[in-house]
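S.K.: Below is one structure. I have some questions about it.
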Amino acid sequence: MKVARLYDSTDIRFEEEPVPQVGPGEALVRTRACGICSGDVMGWYMKKKAPLVFGHEPAGEVVAVGAGVTNFKPGDRIFVHHHAPCFACRACQRGQFVQCSLWRASRIVPGGMAEYFLVPKENLSGDTLHLPAEFSFEDGSLVEPTACVVKSLRRSGLQSGERILIIGLGIMGQLHVALARHTGAEAVIAADFVPYRREKARGLGADLVLDPAQGSIEEAIREQTKGEMAEVVIVGPGSIDAMELGIRCVAPGGTVVLFTASPPEATLALLPYHLYFNEIRLIPSYSCGPNDTREALYLIREEVVKAEKFITHRFPFTAVQAAYQNAAQARDSLKTVVVFP
Ligand SMILES: [Zn+2]
Ligand SMILES: [Zn+2]
């Protein structure tokens, strides 16, 4: 089978590999769609992982199952989460699935950007979902990114009637806009430098879209909220500037979600006095667990999220390099998906 192995952001090579053998409890899947994640195009992050067959947002069709598999059979259309927890350890019992050591170690083989991939036992039993009949494979590829946003908003504590500011309107920011609207936020305010993305956010229900190049976001929020600021701020980019902006824009008693990783050496200077007296929570939200993927599947079923609204670019697997460059440019695009025959 053909796989796309990333050596560097400008060097993705097609390589031939044997189709994985299916063992007991496992499944072999023919890949039909795989999204490119913001993380896949984060230079410092991929440098640590390369070379690898990237792609962790796959949907596909089961072609074979190993002994003992009863929930899935050839022909089933599925979403597979690339990480699955053990459900038994201390972290899992507290619902902190991404802190489970099995979650960290588990992964599909060799990755989503391959004609076929193997679903290990723990992923198959722990976080693989049947796609409802009305789902396209592209809808299925949105389960994982949507689930990351489900988790982020849950951790933010966003309640209906509250105000939310979303900094950064790539695909993950846009999903935050749609889900915050669905939650019943009183005001969804969104900021990004790219006009195309601001326009998209407006279309998804943002009440106010701001261009950071046109003036202070902090002042605009102050004016818009009569000085009360936003109860929840989602900081999309992993940049320190964006985090500092988020902390300046949050209301007293509010929550700032740090949605994206920063490089290991990055440091953020904080004023404990300000955080303390304003009781500001800083909450990181990393990836998602099996509870979140189920909720995401439900939201896609309810059409809060749909491929047509969020997937702006489709590339055939043969053009995976172009797909990657498109996602990396992060300009007039939301989700870039690679589709397989
Ligand atoms: Zn992802
Ligand atoms: Zn566990």
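S.K.: Could you go through the stretch 98-105 and let me know if any residue there is open to solvent by 10 Å² or more (accessible area, probe 1.4 Å) and either within 15 Å of VAL62 (Cα to Cα) or in a strand (DSSP E or B) (or both).
M.R.: Looking through the stretch 98-105, none of the residues is open to solvent by 10 Å² or more (accessible area, probe 1.4 Å) and either within 15 Å of VAL62 (Cα to Cα) or in a strand (DSSP E or B) (or both).
S.K.: Suppose the filter is surrounded by 17 or more Cβ atoms within 10 Å (Cβ to Cβ) and within 16 Å of ligand 1 (Cβ to nearest atom); does GLY111 pass it?
M.R.: yes
S.K.: Let me ask something additional. Every residue in the stretch 62-88 that is open to solvent by less than 40 Å² (accessible area, probe 1.4 Å) and in a loop (DSSP other than H, G, I, E, B), please.
M.R.: Step one: list which residues in the stretch 62-88 are open to solvent by less than 40 Å² (accessible area, probe 1.4 Å), which gives 62, 64, 66, 69, 72, 76, 78-85.
Across the stretch 62-88, the qualifying residues are GLY66, VAL69, PHE72, ASP76, HIS81, HIS82, HIS83, ALA84, PRO85.
S.K.: Also, I was wondering about something else. Mind telling me which of the residues GLY238, GLY254 ends up being over 15 Å from LEU153 (Cβ atoms) and open to solvent by less than 30 Å² (accessible area, probe 1.4 Å)?
M.R.: Numbers: GLY254 fails: over 15 Å from LEU153 (Cβ atoms).
Criteria check complete, one pass: GLY238.
S.K.: Another question, then. Just checking, how many residues over the stretch 114-138 are small (Gly, Ala, Ser), open to solvent by 20 Å² or more (accessible area, probe 1.4 Å) and in a helix (DSSP H, G or I)?
M.R.: So in the stretch 114-138, the residues small (Gly, Ala, Ser) come out as 114, 125-126, 133, 136.
Subsequent filtering for residues that are open to solvent by 20 Å² or more (accessible area, probe 1.4 Å) retains 125, 133, 136.
Next cut, in a helix (DSSP H, G or I) only: 125.
Summing the residues that are small (Gly, Ala, Ser), open to solvent by 20 Å² or more (accessible area, probe 1.4 Å) and in a helix (DSSP H, G or I) in the stretch 114-138 gives 1.
S.K.: Which number in (1) open to solvent by 20 Å² or more (accessible area, probe 1.4 Å); (2) within 16 Å of ligand 1 (Cβ to nearest atom) marks the one condition that SER141 misses?
M.R.: Just one mismatch for SER141, condition (1).
S.K.: Which of the residues that make up the stretch 88-101 are within 9 Å of ligand 2 (Cβ to nearest atom), more than 27 Å from PHE54 (Cβ to Cβ) and touching a residue at least 12 places away in the same chain (Cβ under 8 Å)?
M.R.: If the condition is that a residue be within 9 Å of ligand 2 (Cβ to nearest atom), more than 27 Å from PHE54 (Cβ to Cβ) and touching a residue at least 12 places away in the same chain (Cβ under 8 Å), then CYS89 is the only one that fits.
S.K.: Quick one: which residue in GLU302, GLU295 is under 17 Å from LEU204 (Cα atoms) and open to solvent by 50 Å² or more (accessible area, probe 1.4 Å)? Outline the logic, then answer.
M.R.: Details: GLU295 fails: under 17 Å from LEU204 (Cα atoms).
Result: GLU302 is the single residue among GLU302, GLU295 that is under 17 Å from LEU204 (Cα atoms) and open to solvent by 50 Å² or more (accessible area, probe 1.4 Å).
S.K.: Note down all Cβ pairs under 9 Å where the first residue falls in the stretch 8-23 and is assigned to a strand (DSSP E or B), the second is of a type in the set (D, E, K, R) and open to solvent by less than 100 Å² (accessible area, probe 1.4 Å), and they're at least six residues apart or on different chains.
M.R.: If the second residue must be of a type in the set (D, E, K, R) and open to solvent by less than 100 Å² (accessible area, probe 1.4 Å), the pairs left are ILE12/ARG5; ARG13/ARG5; PHE14/LYS2; PHE14/ARG5; GLU15/LYS2; GLU15/ARG5; GLU16/LYS2.
S.K.: So, in the stretch 235-249, exactly how many residues are touching a helix residue (DSSP H, G or I) at 6+ places or on another chain (Cβ under 9 Å) and either charged (D, E, K, R) or part of a strand (DSSP E or B) (or both)?
M.R.: Adding up the residues that qualify gives 2.
S.K.: Report the residue count in the stretch 166-217 for those that are out of contact with any His (no Cβ under 7 Å at 6 or more places or on another chain) and part of a strand (DSSP E or B). Don't jump to the end; show me each part of the working.
M.R.: Initial filter on the stretch 166-217 (out of contact with any His (no Cβ under 7 Å at 6 or more places or on another chain)): 167-217.
Of the ones still in play, those that are also part of a strand (DSSP E or B) are 167, 187-191, 208-210.
Matching residues across the stretch 166-217 total 9.
The values are calculated or read from the model by the stated rules, or taken from the named source; none is laboratory data. Since we're looking at a predicted model, the values are computed, not measured. Here Cβ is always computed from backbone atoms with ideal geometry, including for glycine, and neighbour counts include all displayed protein chains. Quick note on the areas: whole protein, heavy atoms, side chains included, nothing else; ligands and nucleic acids left out. Shrake-Rupley method; radii C 1.70, N 1.55, O 1.52, S 1.80 Å.
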